[in-house]
Amino acid sequence: METEALPARAPRQVSPLEAAFVTANEWFVIAVMATMSVLVVTNVVTRYVLNFSIVWVEEVTRYMMVWVGFVGSGLVLRYGAHIAVDAFQDVVPAAIARVVRGAIVVLLAATFAYLTWLGARYVGFAWDQETPILNWNTGMVLLAIPIGSALMLVHLLLVARGYVRGRQFETHEAFSADEALL
């Protein structure tokens with residue numbers, strides 16, 4: 001069964017505050033990923049060309065990947081690129097599909113709020129522990145969980161209306177969720 005294409009829409013007007021929030025989120029992810037890339041490439045070069053390894057690079061890049069995963073997931077949600085099963089809403093009447101999407105938003109919001117709370121508790125539990133190589137505060141590293149979860153909640157709330165009303169996500173000139181499909 002072939003599904004009907006979603007109607008085209010004009011881009012939603014975004015407030016300057018929201019635009020700054022999204023831009024800061026994007027640039028944080030870009031900066032951390034670029035730094036990770038430089039560190040990993042540098043470590044590979046030093047290992048195979050100069051015959052020594054920078055011991056702390058693996059630990060730091062692992063933590064950076066956690067931060068990218070949590071902080072970047074709100075952007076992925078915003079652009080509709082998370083894995084989703086949405087076939088059900090394609091076969092029910094539009095009014096029921098809106099109710100289903102509303103329930104999805106409520107469930108996601110509750111999950112992100114709970115994950116923020118649980119992540120904060122986890123940070124508190126790990127606050128006095130240290131990382132193995134650099135002896136960093138593990139709680140600081142794990143702040144990615146509540147911060148990323150709170151960011152996902154904010155992104156969800158900002159795009160919820162368009163999603164519930166017409167299954168619309170935000171657009172970005174450099175990214176298309178449809179092109180990211182397998």
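Only counting other Cβ atoms within 10 Å, I'd like I104, I54 sorted with the fewest neighbours first.
Ranking I104, I54 by Cβ neighbours within 10 Å, fewest first, gives I54, I104.
How high is the relative contact order of the stretch 16-166, in percent, with contacts defined as C-alpha pairs under 8 Å that are six or more residues apart?
On the way: 141 pairs, mean separation 41.3, N = 151.
Averaging sequence separation for qualifying contacts and normalising by length gives 27 percent for the stretch 16-166.
With θ set to phi - 60° and the Karplus curve 6.51 cos²θ - 1.76 cosθ + 1.60, what are the ³J(HN,Hα) couplings of the stretch 82-89 in order, to the nearest whole Hz, using x for Gly and Pro?
Coupling constants for the stretch 82-89: 6, 5, 8, 9, 10, 5, 4, 5 Hz.
Long-range amide H contacts for E130: which residues qualify at under 5 Å (H placed 1.01 Å from N, peptide plane, sequence gap of 5 or more or a different chain)?
T138
Helix 57-78 sits at what angle to the longest principal axis of the chain, using alpha carbons and giving 0 to 90 degrees rounded to 10?
10 degrees
GNM on the chain, C-alpha springs below 10 Å: top fluctuator among A150, A109, A97?
A97
Please determine, in degrees from 0 to 90 and to the nearest 10, the orientation of helix 16-48 with respect to the longest principal axis defined by the Cα atoms of the chain, where the helix direction is its Cα long axis.
40 degrees
Rounding to the nearest 10 and keeping the result within 0 to 90°, find how far the Cα-based axis of helix 144-166 lies from the longest principal axis of the chain.
20 degrees
No lab work stands behind these numbers, since they all come straight from the coordinates. All values reported here derive from a predicted model rather than from experimental measurement. Note: ideal-geometry Cβ built from the backbone for every residue, glycine included; neighbour counts use all protein chains shown.
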